[in-house]
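Q: One structure, pasted below without further comment.
Since every read-out is calculated from the coordinates, none of them should be taken as a lab result. Every value quoted in this text rests on a predicted model; they were computed, and no experiment measured them. In this analysis, Cβ positions are derived from the backbone assuming ideal geometry, glycine residues included, and neighbour counts consider all displayed protein chains.
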Ligand SMILES: NC(=O)c1ccc[n+]([C@@H]2O[C@H](COP(=O)([O-])OP(=O)(O)OC[C@H]3O[C@@H](n4cnc5c(N)ncnc54)[C@H](OP(=O)(O)O)[C@@H]3O)[C@@H](O)[C@H]2O)c1
C-alpha cells in the first residue's frame, strides 16, 4: 500500500494515477473527499497534516509514502509526517522539495524544504528528495488576467527557468517509490529547455491564437497579491526571494534526470500547453 499525501494536487493526482497504472494499491490522503474523484482501487483517507492523528491513521500499513504539502506550515507538518513514518516503520518515502533547497546559502523557502528533507532522512526509511524546478503549471496563474485583459503579469520573469511538467515530477516519484536504489538520493528535476516568462507568454499566445501583452510586475505588486490571497508576509517574501534567485544551477539549466529516472525524454512546454489548452479557454 502506497500513501499519497497531497493526492488532490497537481503532482499528487498524477502520482496516484501512476501507481495505479502499475497495479499498486493506493491510499489517497486528502482534506476534502468530495473535491477529487479517484479511479477504482484508490482508498481515500480524509485528514489534515495539521491533525497528526489523521496522518497516523493514514500511514498504518504503508510500504511507501509520497509527501507533498504547501504553505507556511509545510515544514512543521512534514516533520509530523516524518515522525509517523518512523513510528509506522514505512519502508520508502519520496518528498517533493525544491531546487531552492540546494545550498549552501538558503532562503527561508529553501530552508523549510531542506529541514523537512532532513527530518525524513532521519526516519530510517529509504528516503528520496525530489527537487524540481518551477512547474509548467504555474502559468495557470495567468489565466484571469489573460481572460480579462489579454495581459500576463509576472515578477522576476526575466530569469530563465527550465520549467518541468508536474507529470514528470510524478513519474520520477513513482519510479523512486517502486524501485530500489534511490534511498539517500537527491534528484533535481527540470524540463528540456530554459524559458523566461516572456518566452512562456509568447508560447501561450501562440496556443490561443491571439496576442498577449507581457508586463514585468514589481515585487511589491506580487507581495500585495500574495497578501490578498492570505499568505503571511514573511512566507510570501521567502517565495519571492526564491523566484528572484538568478543562479542557473537552481532550476535554470535543463538536466538529464527525468530521462535517466523514467527512461523517456521530459515533456516540453508546448506539449504541456496543448494538453492543458482547455484550462485557458475556461478562464
Ligand atoms: N509550483 C512550483 O513551481 C514548485 C516548484 C518546485 C517545488 N514546488 C513545491 O511543490 C509543492 C506545491 O505544489 P503545487 O504548487 O503544485 O500545489 P498542489 O499540489 O496543487 O497543492 C498543494 C497540495 O498540498 C495539500 N495540502 C496543503 N496543506 C495541507 C494540509 N494541511 N493537509 C493535507 N494536505 C494539504 C493540498 O491539499 P488540498 O487538495 O486539500 O488543498 C494539495 O493537494 C510545494 O511544496 C512547493 O514548494 C512547487
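Q: Compute the angle between helix 233-244 and the longest alpha-carbon principal axis of the chain, please, reported from 0 to 90 degrees and rounded to the nearest 10.
A: That works out to roughly 70 degrees.
Q: Under a crude label model (7 Å from the Cα following the beta-carbon direction), how far is residue 73 from residue 37 in nanometres?
A: 3.1
Q: Please report the relative contact order for the chain, taking Cα pairs under 8 Å with a sequence separation of at least 6, and give it as a percent rounded to a whole number.
A: 18
Q: Can you give me the angle between helix 108-121 and the longest principal axis of the chain, using Cα atoms only, in degrees from 0 to 90, rounded to the nearest 10?
A: 20
Q: For the chain, find the longest principal axis of its Cα atoms and tell me its angle to the long axis of helix 166-178, 0 to 90°, nearest 10.
A: Tilt relative to the chain: about 20 degrees.
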